[in-house]
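All remarks here apply to the structure that follows.
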Amino acid sequence: HFNDSTKWRQALEEFKKARDLGYTERGNLFFAMGTTYLNLGQFKEAIAVLTQAAAEKKEADIYYQLGVVYSRINNIPKAVEVTEEAIKIDPTYVAAYYNLSQLYKSLGNKAKSSQYFEQYQLLSAKK
């Protein structure tokens, strides 16, 4: 029985093999690798491959995940920037509004925090 860390490392090795074999859906591959690095606590690597994913595909999930990584390393301004990009791509991305409310709260910006939290509540009620 493997622990989660072992599973994440195995997944990462498989993703690297796919990359090396020329897997064509590189945006998806880099997103998966970035998520794996995030779960392994390898934030620098996560940022590198998620940035590559964003260059390949402009998808809200990629920018959202980048925001999560930047918040984990306490780069809150960059976390805000990329999470706001996720909302520009998908204005209905509920989790992004919640994260932005928390990020702005940590920056001491109560007005923005409240604004994003209200939007989060509105969108949550619709789902």
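The values are calculated or read from the model by the stated rules, or taken from the named source; none is laboratory data. The structure presented is a predicted model; accordingly, all values stated were derived computationally and were not measured. Positions of Cβ are generated from backbone atoms using ideal geometry, with glycine treated the same way; all protein chains shown enter the neighbour counts. The area values use the complete protein model at the heavy-atom level, side chains included, leaving out ligands, DNA and RNA. Shrake-Rupley method; radii C 1.70, N 1.55, O 1.52, S 1.80 Å.
A compact table of results
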quantity	calculated
Looking only at segment 107-127, and only at residues there that are part of a helix (DSSP H, G or I) and open to solvent by 80 Å² or more (accessible area, probe 1.4 Å), the one that is modelled with the lowest pLDDT	Lys126
Residue, modelled with the lowest pLDDT, within segment 33-78, restricted to residues that are open to solvent by 50 Å² or more (accessible area, probe 1.4 Å) and among the aliphatic types (A, V, I, L, M)	Ala55
Pairs with Cβ under 9 Å, 6+ apart, first in segment 74-97 and in contact (Cβ under 8 Å) with a residue 60 or more places away in the chain, second in a helix (DSSP H, G or I) and open to solvent by less than 70 Å² (accessible area, probe 1.4 Å)	none
Test: residue in segment 80-91 that is closer than 18 Å to Ile62 by Cβ, open to solvent by less than 30 Å² (accessible area, probe 1.4 Å), in contact with a Gly (Cβ under 8 Å, 6 or more places away or on another chain) and among the hydroxyl-bearing types (Ser, Thr, Tyr)	yes
Output for segment 77-100, where each listed residue is polar (S, T, N, Q) and farther than 14 Å from Leu50 by Cβ	Thr92, Asn99
All positions within segment 83-127 that are out of contact with any Ser or Thr (no Cβ under 7 Å at 6 or more places or on another chain) and of a type in the set (Val, Ile, Thr)	Thr83, Ile87, Ile89, Thr92
Selection status of Glu45, among the acidic types (Asp, Glu) and over 25 Å from Ser5 (Cα atoms)	no
Residue among Lys105, Lys88, Lys126 that is of a type in the set (D, E, K, R) and under 20 Å from Phe31 (Cα atoms)	Lys88
